[in-house]
Amino acid sequence: MKNTLKLIRNTLDKTLLSLCGFALILMVVTVTWQVFSRYILNDPSSFTDELSRYTMIWLGLLGAAYLFGQQKHLAITLLPSKLSPKANYLLQVFIQLLVLVFVLLAMLKGGSALVGRTLQQFSPALQIPMAYVYMILPISAVIISLYILLNLVDGHANKD
């Protein structure tokens, strides 16, 4: 069981890192082309600004999901350092469950509703449905939820 969970975490980590790397490369290429076409060719590209903006949104949310899985997200550590190991474990479980509620309500439910409302709305330059851009909200919600479950299992295994 422990090996299976470790394999799931490693696969998820590698997939997210690959997607983030691809998004970063895509952003560099599109921004470089935008600068080149604007200042060298004097004919600015119309789609690169929009593509790099949407790519940055995906990169930010996928990167945040990855960092959440690594437990390297922003945290205030004053209270956990003062607690006993058992109280600290209970606090971490409470925090993970609180984040899970937020992720499921705001990102999954709200993001899915946003995707549904924007299926017929198209971006100005790329002419793609805006739902494609907003699809990252429910996707990252599922990824963060998986990481929360993995973190809870790891925390319970390491509690003893």
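Annotations for the structure displayed:
- Candidates PHE47, PHE102: the one that is surrounded by fewer than 17 Cβ atoms within 10 Å (Cβ to Cβ), closer than 30 Å to THR32 by Cα and of a type outside the set (Val, Ile, Thr) is PHE47.
- Pairs meeting the criteria (first residue in region 77-106 and free of Cβ contacts under 8 Å to residues at least 12 places away in the same chain and on the phi > 0 side of the Ramachandran plot, second residue among the aromatic types (Phe, Trp, Tyr) and in a helix (DSSP H, G or I), beta carbons under 7 Å, at least 6 apart or on different chains) are lacking.
- Restricting region 63-84 to residues that are exposed (fewer than 10 other Cβ atoms within 10 Å of the Cβ) and part of a helix (DSSP H, G or I) leaves a set whose member that is modelled with the highest pLDDT is LYS82.
- Residue under evaluation GLN34, criteria (1) within 23 Å of ALA125 (Cβ to Cβ); (2) touching a His at 6+ places or on another chain (Cβ under 7 Å), criterion not met: (2)
- Test: residue in region 23-45 that is in contact (Cβ under 8 Å) with a residue 12 or more places away in the chain and acidic (Asp, Glu): no
- If the condition is being closer than 17 Å to ILE95 by Cα and of a type in the set (A, V, I, L, M, F, W, C), then region 144-160 contributes ILE144, LEU146, ILE148, LEU149, LEU150, LEU152, VAL153.
- Pairs meeting the criteria (first residue in region 1-21 and in contact (Cβ under 8 Å) with a residue 60 or more places away in the chain, second residue part of a helix (DSSP H, G or I) and among the acidic types (Asp, Glu), beta carbons under 8 Å, at least 6 apart or on different chains) are LEU5/ASP154.
- Pick from region 16-44, criterion of a type outside the set (A, V, I, L, M, F, W, C) and not in a helix (DSSP H, G or I), ranking: surrounded by the most Cβ atoms within 10 Å (Cβ to Cβ): PRO44
- Filter result for LEU114 (surrounded by 14 or more Cβ atoms within 10 Å (Cβ to Cβ), farther than 30 Å from GLU50 by Cα and modelled with pLDDT of 95 or more): no
The values are calculated or read from the model by the stated rules, or taken from the named source; none is laboratory data. Note that this is a predicted model, so its numbers are computed, not measured. Glycine gets a Cβ as well: all are built from the backbone with ideal geometry, and neighbour counts include every protein chain shown.
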